[in-house]
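Below you'll find the structure, written out as structure tokens, and then a few comments.
The values are calculated or read from the model by the stated rules, or taken from the named source; none is laboratory data. Keep in mind that this is a model prediction, so the values were computed, not measured. With ideal geometry, Cβ positions are generated from the backbone for all residues, glycine too; neighbour counts draw on all protein chains shown. For the accessible areas, the whole protein counts, side chains as well, though only heavy atoms, and no ligand, DNA or RNA atoms are used. Shrake-Rupley method; radii C 1.70, N 1.55, O 1.52, S 1.80 Å.
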Amino acid sequence: GIGDFYYAPPSGYLALCTKNLPDATVIPSEHFETILYTGTGSEHEISSLNFQPDFAWIRERPNVSNHYLYDSVRGATKVVYSDGTYAEQTDAQSLKSFDSDGYTLGTNTGVNQSSTAYVSWNWKANGSGSSNTDGSINTTKTSANVNSGFSISAYIGTGSAATIGHGLSKSPEMVIVKRRDGTGEWEVYHSGNTSEPETEHIRLSGTAATSDNANYWNDTAPTSSVFTVGTDGYVNASSGTYVAYCFHDVSNYSKF
């Protein structure tokens, strides 16, 4: 930064300086951030993010507690718990709204107990989303951040093997599905799960080992436009409502 280089760079080369680096496709802090905060016990605004979050995962740190998950596709106040099989609940005093630089919390002690420490992981998707028609099931809403390789989809099951559009430009390396309208396990597809990951499923909400069962992913790997579900009620019961979170690698940003 003192001045120009004494010798000109050789033909075909550039000087070693930041202005000659390629523009970053994804600036991490504009797509994902972790926040540590202390609860107040009264309405509390979290406003330190560099983006409007679309997925917030909140956990109390010093005490035994649930994991509280919210997203903009299902809507604020709609909570699911990744450590259990509970159906989606509506709680007007938990995460009350997604804001331009964070969100507003109510008085629910799971996310905002006075003087209690919390951690919050926050992802940017693409707002509340719209229907994706790439699969045999049209999603009710899909919110996809193509640059950062993350999407949220809500869909209604059919009970028959089906494909669902995820809105991304590459095949997801991880897909997490949760039934919303009834109790059900959190089912996970992961590209690193055994030599044939499309035949396997593993659960966030339990301690069982990974197992082979075609009823979850129909023994079919995700593609650049869709992921596949089988007939199991945890991922595709007739008229059941679901949320799916999809992720893939992005160079210099994320790795799965």
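The table below lists the values:
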{"read-out": "Spatial separation of Cα centroids for the stretch 171-228 and the stretch 75-140, in angstrom", "value": "22"}
{"read-out": "Kirkwood Rh and Cα Rg combined as Rg/Rh, the stretch 1-142", "value": "1.19"}
{"read-out": "Å² per residue, accessible surface of the stretch 99-173 at 1.4 Å", "value": "35"}
{"read-out": "The chain, Rg to Rh (Cα coordinates; Rh as Kirkwood inverse mean 1/r)", "value": "1.05"}
{"read-out": "Under 12 Å from the Cα of residue 255 - aspartates and glutamates, other chains or at least 8 residues apart", "value": "173"}
{"read-out": "Rg to Rh, two decimals, where the stretch 106-173 supplies the alpha carbon set and Rh follows Kirkwood", "value": "1.15"}
{"read-out": "Straight-distance crosslink candidates among aspartates and glutamates, where the alpha carbon sits under 18 Å from residue 19 and sequence neighbours closer than 8 are dropped", "value": "4"}
{"read-out": "Cross-link partners of residue 78 among lysines (Cα-Cα below 23 Å; sequence separation of 8 or more within a chain)", "value": "96, 124, 141, 178"}
{"read-out": "Label-point separation, residue 15 to residue 63 (7 Å along Cα→Cβ), nm", "value": "5.8"}
{"read-out": "Rounded to the nearest 10 Å², the accessible area of residue 241 at probe 1.4 Å", "value": "40"}
{"read-out": "Calculated P(r) tail over 13 Å for the stretch 144-202, as whole % of Cα pairs", "value": "69"}
{"read-out": "Derived scalar couplings ³J(HN,Hα) [the stretch 124-138; Karplus, 6.51 cos²θ - 1.76 cosθ + 1.60; whole Hz; x for Gly, Pro]", "value": "9, 10, 8, x, 6, x, 8, 5, 10, 10, 6, x, 6, 9, 6"}
{"read-out": "Normalised convex hull volume, the stretch 47-122, alpha-carbon set, Å³ per residue", "value": "82"}
